[in-house]
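First the structure, in the form of structure tokens, and then the observations on it.
Computed from the coordinates by the stated procedures, all read-outs in this text should not be read as laboratory data. Worth saying up front: this structure is predicted, and the values here are computed from it rather than measured. Heads up, the Cβs are rebuilt from the backbone with ideal geometry, glycines too, and the neighbour counts pull from every protein chain shown.
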Amino acid sequence: MLVPRLRLLPARWLAWVVGWCLGAALWGVAASAVAQTPTPSVQGPPAELVLGPSAPSVAVWPALRRYQGDTPLRDWTQASLLRDNFVPMPGTNATLGLQPEPVWLHLPLRVLPGAEGVWVLDIDYPPLNQVSVYLVRNDMVVAQDKIGSRIPRDERRQPARSPTTQLTLSEGQYDLWLQVQTSGAMVLPMTLSRPAVFYARALDEQMLQGLLTGLALCLLCYSLAQWLSLRDSLFLKYGLLLSGSLAFSLHMFGVGRQYVWGAWPGVEVYASGVAALAAAAGSFLFIEHTLRGLGQARWWRLAMRGGAVLCGAVALAYVFGLLPLKVVTAVMSVLGVVPALMGLRGAFRLARAGDQVGLTLLLAWAVYGLGTAVMIGVIRGWMPVNFWTQHAFQFSATLDMLLFMRVLGLRTHAMAQAAHQARHDLGVMASLAHTDPLTGLPNRRGLNAALAEVLPHANPGRLVAVYVLDLDGFKPVNDRFGHDVGDELLVAVAQRLRAHIRSSDLVARVGGDEFVLVAHGLPDERSAHELGLKLCDAFVPAFEVVGAPVRVGLTAGYALAPVDGHDAVDLLRRADAAMYAGKQAGKQRLVRAQPAPV
């Protein structure tokens with residue numbers, strides 16, 4: 001019992017890890033949905049941001065200030081007058097959490113000699129709706145721009161993936177005023193970089209997004225092709241899950257706005273909510289289908305399907321303006337994790353049984369939970385904003401889709417094995433139906449099938465000979481030694497008959513000690529007669545049964561097709577009559593059937 005317990009241990013531990021990760025993700029999402037403005041850190045006034053010739057890229061967050069006054073700001077001039085109400089940024093690692101109202105930011109900026117020229121302001125968080133940028137020098141606006149996901153394509157100066165604008169700076173002091181507004185999290189990983197550094201970084205990101213998007217599209221095409229080929233709805237449900245995840249990534253990383261739906265800004269408004277709900281609906285359906293048949297109660301199946309319907313209803317209500325994004329976010333914060341939590345018990349049962357599907361599902365959910373937890377950590381400011389934390393959810397979603405594809409592969413393999421087993425069982429049943437269980441020779445059904453196959457091809461140059469064979473002296477052996485010895489003798493007879501015929505000929509046992517031989521492709525009647533004599537001579541030597549020699553003879557009658565006809569029943573009847581004529585004439589001889597009357 002020790003080995004089975006050790007084998008089950010990893011699945012149990014993995015289930016605990018998955019449950020913990022999903023629970024942490026659910027708590028984190030719920031906490032983020034009601035998050036308030038982060039509390040400013042207690043620091044001294046931040047130093048101004050200094051651009052020098054030796055640093056081609058500088059992080060902006062440490063020098064940013066945020067407006068903390070009671071009077072709403074209308075424009076940058078009012079912000080300038082109330083600059084004393086701008087406080088240092090909170091220690092939340094480039095994030096302000098969820099901010100329903102626009103936020104004003106101020107960046108004191110000094111350009112050293114040698115650092116003049118073009119700099120690129122990049123906020124590497126594509127979902128930001130709109131950022132108004134004002135570059136001010138000596139109380140005069142020297143440059144301004146509007147960037148963000150809600151800015152129409154033809155109004156963008158910089159066709160970049162993320163909110164980006166170019167600033168031409170000369171030596172001296174500047175004030176950079178930013179008004180940021182977004183319906184989601186206000187994550188602000190902001191840098192000022194030289195164009196060469198910015199474009200190199202942007203190219204690396206485009207390559208990564210192209211790779212991940214291409215992989216997702218390949219998986220989607222494969223799943224749809226498999227659905228069309230196999231008509232297995234699980235592949236279609238996987239396609240829905242994958243489509244939602246792909247659309248969400250396209251929105252979150254700006255590729256959709258840049259290349260896919262940029263000309264339709266309305267799509268950008270609903271992309272994240274609808275995509276997330278589509279992924280959740282696909283997850284409900286996929287998990288319900290995968291774990292179907294494991295003894296789940298009817299209410300569980302209905303709840304899983306109901307969750308998918310609820311996701312669809314919320315998505316439609318959101319698109320038609322019946323629900324605000326805040327409500328959709330709250331609903332999604334729960335529905336996104338519920339399918340995995342509801343499927344955890346079934347997957348654990350599969351894993352305990354050693355089923356790879358269960359282990360794969362548990363691993364997929366652990367990865368998803370960790371990715372979600374990291375994303376929440378970034379939004380809440382619990383984790384620093386860097387390449388790995390920004391892409392953690394996308395990487396986990398991609399790995400999740402690959403693991404789910406493995407589930408599909410395991411399922412397809414199981415279906416193929418089941419089909420192969422069914423064909424094998426069907427073949428065994430057919431073989432049993434056409435085979436004599438004692439000797440392994442074809443029975444009467446097998447004989448009829450063989451005659452039906454060869455008789456239509458009989459002609460004068462390719463005769464078919466049908467021999468009816470009966471053992472001489474079998475009954476005394478059976479009565480003297482018993483049925484077991486008689487059965488052993490019949491097996492030995494079958495082996496001897498096989499040894500003296502061609503591989504293309506067929507010998508069948510049709511009952512008791514009676515056999516039938518079908519030989520086809522014989523060139524003439526003489527060949528048929530010689531084959532019959534050969535069989536009779538084969539029974540001259542004794543058989544070794546129960547350690548003693550046992551002698552039985554053979555009497556055979558035969559008929560030829562097409563000489564004596566083409567009908568199988570008539571040929572067998574005529575051959576049988578010839579065999580009985582041989583018995584009456586003294587046994588152990590070969591007799592040709594009488595010619596058919598003219």
Projecting the Cα atoms of His529, Val133, Cys311 onto the charge dipole of the chain, where Lys and Arg contribute +1 and Asp and Glu -1 at Cβ, the residue farthest towards the positive end is Cys311
Value at 222 nm in deg cm²/dmol, rounded to 500, when DSSP H runs of n ≥ 4 in the chain each add -39,500 (n - 2.57): -17500 deg cm²/dmol
Can you divide the C-alpha Rg of the chain by 2.2 N^0.38 Å and report the result to two decimal places? 1.69
Rounded to the nearest 20 debye, dipole of the chain from Cβ charges on Lys, Arg, Asp, Glu: 780 debye
Cα to Cα, under 25 Å, and not fewer than 8 places away if on the same chain: which lysines meet these conditions relative to Lys475? Lys534, Lys583, Lys587
Over segment 205-327, the quotient of the Cα radius of gyration and 2.2 N^0.38 Å is 1.17
Partner aspartates and glutamates whose C-alpha sits under 15 Å from that of Lys326, ignoring same-chain residues fewer than 8 away, are Glu101
Rounded to two decimal places and with Rh computed the Kirkwood way over Cα pairs, what is Rg over Rh for segment 49-193? 0.93
Helix 356-380 sits at what angle to the longest principal axis of the chain, using alpha carbons and giving 0 to 90 degrees rounded to 10? 0 degrees
Over 19 Å apart: what share of the alpha carbon pairs of segment 444-592 falls there, rounded to a whole percent? 50 percent
Evaluate the relative contact order of segment 444-592 (contact order divided by residue number), counting alpha-carbon pairs under 8 angstrom at least 6 apart; express in whole percent. 33 percent
Test of understanding: ordering Arg298, Arg153 by Cβ neighbours within 10 Å, fewest first, what list do you get? Arg298, Arg153
In whole angstrom, how far apart do the alpha carbon centroids of segment 461-502 and segment 218-242 sit? 58 Å
Which number do you get for Rg(Cα) / (2.2 N^0.38 Å) in segment 324-420? 1.31
Residues of segment 95-112 with amide nitrogen under 17 Å from the 7 Å Cα-to-Cβ point of Gln68? 95-97, 103-108
On alpha carbon coordinates alone, what is the Rg over Rh value for segment 362-417, Rh being the Kirkwood radius? 1.20
Can you give me the angle between helix 265-290 and the longest principal axis of the chain, using Cα atoms only, in degrees from 0 to 90, rounded to the nearest 10? 30 degrees
Which of the aspartates and glutamates could a cross-linker span from Lys237 if the Cα-Cα distance has to be under 13 Å and same-chain partners fewer than 8 positions apart are dropped? Glu288
Can you give me the C-alpha center-to-center distance between segment 382-449 and segment 568-598, rounded to a whole angstrom? 54 Å
Using only the alpha-carbon atoms, how far is helix 298-319 inclined from the longest principal axis of the chain? Give it as 0 to 90 degrees, nearest 10. 40 degrees
Determine the relative contact order of the chain: mean sequence separation of Cα pairs under 8 Å and six or more apart, normalised by residue count, in whole percent. 12 percent
Can you tell me the length gained on complete extension of the stretch Val327 to Gln144, counting 0.36 nm per residue apart and subtracting the Cα distance? 62.5 nm
Using only Cα positions of segment 317-377, each an equal point scatterer, no hydration layer, compute I(q)/I(0) via Debye at q = 0.21, 0.22, 0.25, 0.30 Å⁻¹ and quote the log10 values to two decimals. -0.83, -0.87, -0.98, -1.15
